[in-house]
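Engineer: Structure incoming, see below.
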Amino acid sequence: MKIKKGIIYLSVSIIAIFLLAGAMFPQGTNEEKEAVLMQTILRGLDYMHYQPLEIDDDFSEMVYDEYVDQLFGYGRFVTQEDIERLKVYEKDLDDEAKKGTYEFFNLSLEIFDANLDKTQSFYRDILSKPFDFTLDEKVEMDGEKRKIPKNDLELKEFWRKYLKYETLSRYVDKIEEQKEVGEEGEKKSEEALEAEARGEVLEMFDSWYGRLHKLKRNDRLGYFLNAVTSVFDPHTNYFKPIDKENFNISFSGRLEGIGARLLTDKDYTKVASIVVGGPAWKGKELEENDIILKVAQENEEPVDIKGMEIDDVVQLIRGDKDTKVTLTVKKGDGTIKEIHIVRDIVIIDESYARSLILDGEKEGEKIGYLYLPSFYADFEHEDGRFCAADVAKEIEKLKAAKVDGIIMDIRNNGGGSLEEVVKMSGLFIERGPIVQVKSKGKNPLVKQDFNPSVSYDGPLILMVNSGSASASEILAAALQDYNRALIVGSKSTFGKGTVQTFVNLDKTVNGYEEYKPLGDIKLTIQKFYRINGTSTQKKGVIPDIILPDSYQFIESGEREEAHCLGWDEIDPVAYSQNVFQVQNKDKLRKKSEERIGSSEAFNKILENARRFQKQREETAYSLKLNTFLEEKEKQDKESALYKDMFKTEVVGGIRNLETDLPSIHADESKEARNTDWIKSVSKDVYIDETLKIMHDMLNRKN
């Protein structure tokens, strides 16, 4: 969560501390820069983090475990012999961090690079020969269940089984494809199909290893620094400059660039899609699947980007509004073309609030459906979009359409701005407390809605699921505590009850201009609590009415995160509202449970949830063809039972608001995306049941 005012005041004091840290070192080598980076981050965490850690042997062991697991992929790249070489540093990382030295990190890179070359030779040698699929053997694919190989012999044996599984999976698919080939189609022998499968696996691993070999020291240092920060809590992270830039884009729904989404295809950068309304879309020259060969800034020589990491390519292509970039691209027909694009502000519409009108259960019943993908806020631009204001506009449009009730969907909404969720909560109540925010060692601060006006005073349902986190949980908790809205969804929300802020490291260190930008740290500075005094941390918000989902029997959310902060509670604050009170929750819940109990769709969802739970536990796979085919046939039959669960249209009478139609019809791509959205809503059994619950709310006497 980003708290704009908090950043201003907190950063002023912290920068002084950081500058002292930076002043201790003369400008100079990359080693000195890395030393300052580590020490600056640790000082910041000690000073600002809600629950700082002692930098001692316990800290060292946690960082060691976190980093080794990340780097070596649960035994895919390492042996016990390698671990023994690293283990001597297990209790020394705290001392290294304090001194700003990197002996352990340097050794880990040395071991990783050597093992990268070694395992590459393993997989290339193994894949050069056919596999024998008549042997009765298994491979364990869950890294946490596997033992780390003792030596290179065991490591190569693991790779043999791993590659055999990947090849067998593709080989079986090819056998199935051959059955579909007609009389005129090419018939291939089993040997040829097996060779093709091995070739595809080889290509996949060569591509993956190609990316691993291109990682720079700075990228790898980022992984190590994140192992250090993540032991404080899972939401405290180090951000490289490009990562922070991407975060800002997702947070604001806006960027300055050409408006194209890119992907890596082997050594090339390919255009994945064009953002409607952006400069590339307006120019009509750059197209999906174009391969970008070179990038040139205005009046500069083009840079050949073949083999370049996609983050570096993105940095070259993005740029300030009104600047020009030239892309040399290879089109689908093989022709090479230079495309000149003037960068501009690109707005990603799908990241903003939007709404529809849905027919209710009763003839003439009209329900507003308001979808909010995140609690976005753009503090950097005067014309930036803010979700509270956007939701207020959607509410006004829905009220003008004379809806009988509103369903607000924040499923899979991972959160965002604390200030925005406070304002948004105030749209539904008179003035009053929304959330309590507690900083380290201080009394809780009550965040209030001071505006006595109410944007919407009618029946309201909030849809949540296990992906609803942070700001989503603040909104759900506040409206539940006030009894202002009925909360409907999976067994609990995510359970993230902490607040983060960003600190720009460039502003915290004197000198080192040649190394900047250094990046940012995002760190947990506060916990938030419901106005009833309880925390959402780890436990989340329990909906008033629970709808089963496919992850019903799988533990997920904050409680499954390593090093997450604990649950606690504080004193409640006084609160009340007289806008709208949800009546007869028990009755509403009972009627929904009766419908769910007799619903074919929800019974299938529960069966599928049990299947997911079983699949999650069964992680060892046979490498014998006949057994593999039997297991696959069984899985395919089970999967087929649930294949069409969400393909039937269950929600009818869906339509856009009249005021939105001119914008939607402005271009074909936007129109197509709107059509896809309406189709997805029409097949959503959760929206269907929520409409039924809304009908029960509107007919309280029934």
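Engineer: Output yes when any residue across region 618-631 is farther than 30 Å from PHE131 by Cβ and modelled with pLDDT of 90 or more, and no when none is.
Structural biologist: no
Engineer: Does VAL488 qualify as being within 27 Å of PRO234 (Cβ to Cβ), among the β-branched types (Val, Ile, Thr) and surrounded by 24 or more Cβ atoms within 10 Å (Cβ to Cβ)?
Structural biologist: No; evaluated as a whole, the condition is false for this residue.
Engineer: Can you name every residue in region 74-84 that is on the phi > 0 side of the Ramachandran plot and open to solvent by 10 Å² or more (accessible area, probe 1.4 Å)?
Structural biologist: Within region 74-84, just TYR74 meets the criteria.
Engineer: For a quick check of your reading of the model, give me the residue pairs whose first member lies in region 200-227 and is over 26 Å from TYR165 (Cβ atoms), whose second is open to solvent by 30 Å² or more (accessible area, probe 1.4 Å) and part of a helix (DSSP H, G or I), with beta-carbon atoms closer than 7 Å and at least 6 apart or on different chains.
Structural biologist: Within 7 Å, the pairs are TYR223/GLN70; ALA227/GLU66; ALA227/GLN70.
Engineer: Now for a separate question. Any residue at all in region 250-261 that's more than 30 Å from CYS387 (Cα to Cα), at pLDDT below 95, outside any helix (DSSP H, G or I) and among the acidic types (Asp, Glu)?
Structural biologist: no
Engineer: Turning to a different aspect of this structure: Looking at this structure, is PHE612 assigned to a loop (DSSP other than H, G, I, E, B), open to solvent by less than 80 Å² (accessible area, probe 1.4 Å) and closer than 24 Å to VAL488 by Cα?
Structural biologist: Taking the combined requirement at face value, the residue does not satisfy it.
Engineer: Which one of the conditions (1) touching a Lys or Arg at 6+ places or on another chain (Cβ under 8 Å); (2) assigned to a helix (DSSP H, G or I); (3) open to solvent by 20 Å² or more (accessible area, probe 1.4 Å) does SER592 fail to meet, given that it meets all the rest?
Structural biologist: Only one criterion is unmet by SER592, namely (3).
Engineer: Does region 616-638 hold any residues that are part of a helix (DSSP H, G or I) and among the acidic types (Asp, Glu), and which are they?
Structural biologist: Of everything in region 616-638, those that are part of a helix (DSSP H, G or I) and among the acidic types (Asp, Glu) turn out to be GLU617, GLU630, GLU631, GLU633, ASP636, GLU638.
Engineer: Among the residues of region 341-367, write down those that are at pLDDT 90 or above and under 32 Å from the mean Cα position of the chain (by Cα).
Structural biologist: ILE341, VAL342, ARG343, TYR352, ALA353, ARG354, SER355, LEU356, ILE357, LEU358, ILE367
Engineer: Mind listing whichever residues of region 606-627 are farther than 19 Å from VAL172 by Cα and in contact with a Phe, Trp or Tyr (Cβ under 8 Å, 6 or more places away or on another chain)?
Structural biologist: If the condition is that a residue be farther than 19 Å from VAL172 by Cα and in contact with a Phe, Trp or Tyr (Cβ under 8 Å, 6 or more places away or on another chain), then GLU607, ASN608, ALA609, ARG610, ARG611, PHE612, GLN613 are the ones that fit.
Engineer: Would you call GLU396 open to solvent by less than 60 Å² (accessible area, probe 1.4 Å) and in contact (Cβ under 8 Å) with a residue 40 or more places away in the chain?
Structural biologist: The answer is no for GLU396.
Yes/no matrix, rows are residues, columns are (1) in contact with a helix residue (DSSP H, G or I) (Cβ under 7 Å, 6 or more places away or on another chain); (2) open to solvent by 60 Å² or more (accessible area, probe 1.4 Å); (3) not in a helix (DSSP H, G or I); (4) not polar (S, T, N, Q):
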position: TYR67; (1), (2), (3), (4): yes, no, no, yes
position: LEU86; (1), (2), (3), (4): yes, no, no, yes
position: ASP95; (1), (2), (3), (4): no, yes, no, yes
position: GLU110; (1), (2), (3), (4): no, yes, no, yes
position: THR119; (1), (2), (3), (4): yes, no, no, no
position: TYR123; (1), (2), (3), (4): yes, no, no, yes
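Engineer: Further, regarding this structure: Exactly one of these conditions fails for LYS397: (1) within 26 Å of ASP696 (Cα to Cα); (2) assigned to a loop (DSSP other than H, G, I, E, B). Give me its number.
Structural biologist: Among (1) within 26 Å of ASP696 (Cα to Cα); (2) assigned to a loop (DSSP other than H, G, I, E, B), LYS397 violates only (2).
Engineer: Still on this model: Could you list, in sequence order, the residues of region 341-375 that are open to solvent by 30 Å² or more (accessible area, probe 1.4 Å), touching a residue at least 24 places away in the same chain (Cβ under 8 Å) and outside any helix (DSSP H, G or I)?
Structural biologist: VAL342, ASP344, ILE345, ILE347, ILE348, ARG354, ASP359, GLU361, LYS362, LYS366, TYR371
Engineer: Next up: If you go through region 637-670, how many residues are within 27 Å of ASP549 (Cβ to Cβ), aliphatic (A, V, I, L, M) and open to solvent by 50 Å² or more (accessible area, probe 1.4 Å)?
Structural biologist: 3
Engineer: Of (1) over 25 Å from ILE687 (Cα atoms); (2) touching a residue at least 12 places away in the same chain (Cβ under 8 Å); (3) surrounded by 13 or more Cβ atoms within 10 Å (Cβ to Cβ); (4) out of contact with any Leu (no Cβ under 7 Å at 6 or more places or on another chain), ALA620 satisfies all except one. Which?
Structural biologist: Going through (1) over 25 Å from ILE687 (Cα atoms); (2) touching a residue at least 12 places away in the same chain (Cβ under 8 Å); (3) surrounded by 13 or more Cβ atoms within 10 Å (Cβ to Cβ); (4) out of contact with any Leu (no Cβ under 7 Å at 6 or more places or on another chain) one by one, ALA620 breaks only (3).
Engineer: Among the residues of region 218-245, how many are in contact with an Asp or Glu (Cβ under 9 Å, 6 or more places away or on another chain), farther than 23 Å from THR498 by Cβ and open to solvent by 30 Å² or more (accessible area, probe 1.4 Å)?
Structural biologist: Residues meeting the conditions: 1.
Engineer: Can you tell me which residue among ASP46, ASP82 is part of a helix (DSSP H, G or I) and in contact with a Pro (Cβ under 9 Å, 6 or more places away or on another chain)?
Structural biologist: The unique qualifying residue is ASP46.
Engineer: ASN106 - would you say it is at pLDDT 90 or above and either touching a Leu at 6+ places or on another chain (Cβ under 9 Å) or acidic (Asp, Glu) (or both)?
Structural biologist: no
Engineer: Among (1) open to solvent by 10 Å² or more (accessible area, probe 1.4 Å); (2) farther than 19 Å from VAL422 by Cβ; (3) among the β-branched types (Val, Ile, Thr), where does VAL503 come up short?
Structural biologist: With (1) open to solvent by 10 Å² or more (accessible area, probe 1.4 Å); (2) farther than 19 Å from VAL422 by Cβ; (3) among the β-branched types (Val, Ile, Thr) applied to VAL503, the lone miss is (1).
Engineer: Can you find even one residue in region 316-325 that is surrounded by 14 or more Cβ atoms within 10 Å (Cβ to Cβ), farther than 28 Å from ASP206 by Cα, in contact with a helix residue (DSSP H, G or I) (Cβ under 8 Å, 6 or more places away or on another chain) and among the basic types (Lys, Arg)?
Structural biologist: Checked against the condition, which is being surrounded by 14 or more Cβ atoms within 10 Å (Cβ to Cβ), farther than 28 Å from ASP206 by Cα, in contact with a helix residue (DSSP H, G or I) (Cβ under 8 Å, 6 or more places away or on another chain) and among the basic types (Lys, Arg), region 316-325 yields at least one hit.
Engineer: For VAL454, indicate whether it is in contact (Cβ under 8 Å) with a residue 12 or more places away in the chain and surrounded by fewer than 24 Cβ atoms within 10 Å (Cβ to Cβ).
Structural biologist: yes
Engineer: Only one of these conditions is not met by PHE59: (1) in contact (Cβ under 8 Å) with a residue 24 or more places away in the chain; (2) within 23 Å of ARG217 (Cα to Cα); (3) out of contact with any strand residue (DSSP E or B) (no Cβ under 6 Å at 6 or more places or on another chain). Which number is it?
Structural biologist: (2)
Residue by residue, here is whether (1) touching a residue at least 12 places away in the same chain (Cβ under 8 Å); (2) under 20 Å from the mean Cα position of the chain (by Cα); (3) over 17 Å from VAL437 (Cα atoms) holds:
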| site | (1), (2), (3) |
| --- | --- |
| GLU473 | yes, yes, no |
| TYR482 | yes, no, yes |
| LYS496 | yes, yes, no |
| LYS527 | yes, no, no |
| ILE545 | yes, no, yes |
| PHE553 | yes, no, yes |
| ALA562 | yes, yes, yes |
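Engineer: Could you grab me the full set of residues in region 527-576 that are outside any loop (DSSP other than H, G, I, E, B) and not hydroxyl-bearing (Ser, Thr, Tyr)?
Structural biologist: LYS527, PHE528, ILE545, ILE546, GLU558, ARG559, GLU560, GLU569 - these are the residues of region 527-576 that are outside any loop (DSSP other than H, G, I, E, B) and not hydroxyl-bearing (Ser, Thr, Tyr).
Engineer: Here's something else I'd like to know. Go through region 313-340 residue by residue and tally those that are in contact (Cβ under 8 Å) with a residue 40 or more places away in the chain, under 18 Å from LEU262 (Cα atoms) and under 27 Å from the mean Cα position of the chain (by Cα).
Structural biologist: Total satisfying the criteria: 6.
Engineer: Let me ask something else about it. Quick test of your reading of the structure: ASN603 fulfils all but one of (1) part of a helix (DSSP H, G or I); (2) modelled with pLDDT under 90. Name the failing condition by number.
Structural biologist: The one condition ASN603 does not meet is (2).
The values are calculated or read from the model by the stated rules, or taken from the named source; none is laboratory data. Everything numeric here is computed off the predicted structure, so don't read it as measured data. Positions of Cβ are generated from backbone atoms using ideal geometry, with glycine treated the same way; all protein chains shown enter the neighbour counts. For the accessible areas, the whole protein counts, side chains as well, though only heavy atoms, and no ligand, DNA or RNA atoms are used. Shrake-Rupley method; radii C 1.70, N 1.55, O 1.52, S 1.80 Å.
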